[in-house]
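Just so you know, all these numbers are worked out from the coordinates, no wet-lab data involved. In this text the structure is predicted, and so the values were computed from the model without any measurement. All Cβ positions, glycine included, derive from the backbone under ideal geometry; neighbour counts span all protein chains shown.
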Ligand code: FES
């Protein structure tokens, strides 16, 4: 099994009931996740995995996602430009400061 060098967890707002009713899902995290997957593929970044996850508990700053192993938490990811900035950060090794959650 080949383990990814980076893993992006995208909040899909899953709750215990299984219903994605939270902020990130309502703000389009599902569509942004699809864009993220496509863009990673287009850039040849096969060592970056993407997974949907449950609520990351930063709902007021969603859509949210986190990049491991860097432990970079991002919020207000509401556009393809923001996704591009996150992918750029993974490639460069420098976090996208404007979206980082303190
Ligand atoms: S619903 Fe995304 S952080 Fe809570």
Point to revise | The lone exception for residue 30 - which of (1) within 16 Å of the ligand (Cβ to nearest atom); (2) surrounded by fewer than 19 Cβ atoms within 10 Å (Cβ to Cβ); (3) touching a residue at least 40 places away in the same chain (Cβ under 8 Å); (4) in a helix (DSSP H, G or I) it fails | key: (3)
Exercise for review: Identify, from the list 14, 9, the residue that is in contact (Cβ under 8 Å) with a residue 12 or more places away in the chain, surrounded by 12 or more Cβ atoms within 10 Å (Cβ to Cβ) and farther than 17 Å from residue 99 by Cβ.
Suggested key: 14
Exercise for review: Might you check whether a residue that is in contact with a helix residue (DSSP H, G or I) (Cβ under 6 Å, 6 or more places away or on another chain), within 15 Å of the ligand (Cβ to nearest atom) and part of a loop (DSSP other than H, G, I, E, B) occurs anywhere in the range 54-62?
Suggested key: yes
Review point. Name the pairs whose Cβ atoms lie under 6 Å apart, with the first residue in the range 62-75 and without any contact (Cβ under 8 Å) to a residue 12 or more places away in the chain, the second within 9 Å of the ligand (Cβ to nearest atom), and 6 or more positions between them or separate chains?
Key: none
